[in-house]
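These notes are about the structure you will find just below.
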Amino acid sequence: MLKVGLTGNIGCGKSTVASMFRELGAYVFDADLIIRGFYEEKGEVYKKVVEAFGSAILDPNGNIDRKKLAQIVFSDREKLRVLEEITHGALYKRLDEEFKKLPQNAIAIVEASLLVEKGTYQNYDKLIVVYAPYQICKERALKAGFLEEDFERRWKHQLPPEEKVKHAHFVVDNSDGLEHTRNQVEKVYQELLNLVR
């Protein structure tokens, strides 16, 4: 099995690229969705997050309000570190469980934002970085409903895309239309397939 990290900055189009790989036959895992699942399950991770950040992060139904939580952690590095400590251990455990279910020649792609920043890209056989310049990322994020200050706050916690690509085995430039992106994804997938054959 080939483990591949897929990363890029906020607004670069990671999820779009991930879904293209999924269509081609890769097994794609979205780290954010898995963590959101932990919150919804209201198990161990949920309890620890509420313990660490208090009931102010809960909505009237007792669910974690991810917007409130994001506002807290993206304005305080120490709080972000605490949240990551709680969620990341559980995430890696869940991913390992999922990987065990896959066929031997599978291509498993994990989509996550901070693989380079955290150094966890080294846990993968290959790293794909989805690239788009700041201005395009910002336009897309605002179109997707982010407030400008939210975007800026998150952007500051991420390395510039130009730095990320230095660590990549493959770069998908997602700044010039979907067809251009799809062609690159197909080429990368072909190379990944050659590695598991």
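Which of rounded, prolate, oblate describes segment 53-110, given a ≥ b ≥ c as roots of the alpha-carbon gyration tensor eigenvalues and a/c under 1.5 marking rounded, otherwise prolate only if a/b is larger than b/c?
Prolate shape, in that a/c is at least 1.5 and a/b is the bigger ratio.
Normalised by the number of residues in segment 42-197, what is the relative contact order in percent for Cα pairs under 8 Å and 6+ residues apart? Provide the component values of the computation, followed by the final result.
Numbers: 94 pairs, mean separation 34.5, N = 156.
About 22 percent, as a whole number.
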Over the chain, with neighbouring protein chains present, the accessible area per residue in Å² at probe 1.4 Å is 54 Å²
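Quick one: pull the percent of accessible area on segment 1-157 belonging to carbon and sulfur, 1.4 Å probe, ligands and nucleic acids left out.
48 percent
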May I ask for the distance between the Cα centers of segment 122-197 and segment 26-85, given as a whole number of Å?
-> 24 Å
Per the charge dipole of the chain (beta-carbon charges, Lys/Arg positive, Asp/Glu negative, Cα centre), the residue among Gln135, Val165, Phe29 reaching farthest to the positive end is Phe29
Cβ-placed point charges (K, R +1; D, E -1), dipole of the chain about Cα centre in debye, nearest 20 = 260 debye
Please list, or write none, the lysines whose alpha carbon is within less than 28 Å of the alpha carbon of Lys67, excluding same-chain residues fewer than 8 places away.
-> Lys14, Lys42, Lys47, Lys48, Lys79, Lys93, Lys118, Lys138, Lys143, Lys156, Lys164
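Once every DSSP H run of n ≥ 4 in the chain is given -39500 (n - 2.57) and the sum is divided by its residues, what mean residue ellipticity at 222 nm do you get, rounded to the nearest 500 deg cm²/dmol?
Helix-only estimate at 222 nm: -17000 deg cm²/dmol.
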Out of these labelled values of Rg and Dmax of the Cα atoms in Å, [x] 15.5, 47; [y] 17.1, 51; [z] 18.5, 56, which was calculated from the coordinates shown here?
-> [y]
Residue-count net charge about Lys101 - beta-carbon cut-off 15 Å; Lys, Arg +1, Asp, Glu -1 | +1
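The values are calculated or read from the model by the stated rules, or taken from the named source; none is laboratory data. Just so we're clear, the structure is a prediction, and the values are computed from it rather than from any experiment. Don't worry about glycine lacking a Cβ; one is built from the backbone with ideal geometry, like all the others, and counts go over all protein chains shown. The area values use the complete protein model at the heavy-atom level, side chains included, leaving out ligands, DNA and RNA. Shrake-Rupley method; radii C 1.70, N 1.55, O 1.52, S 1.80 Å.
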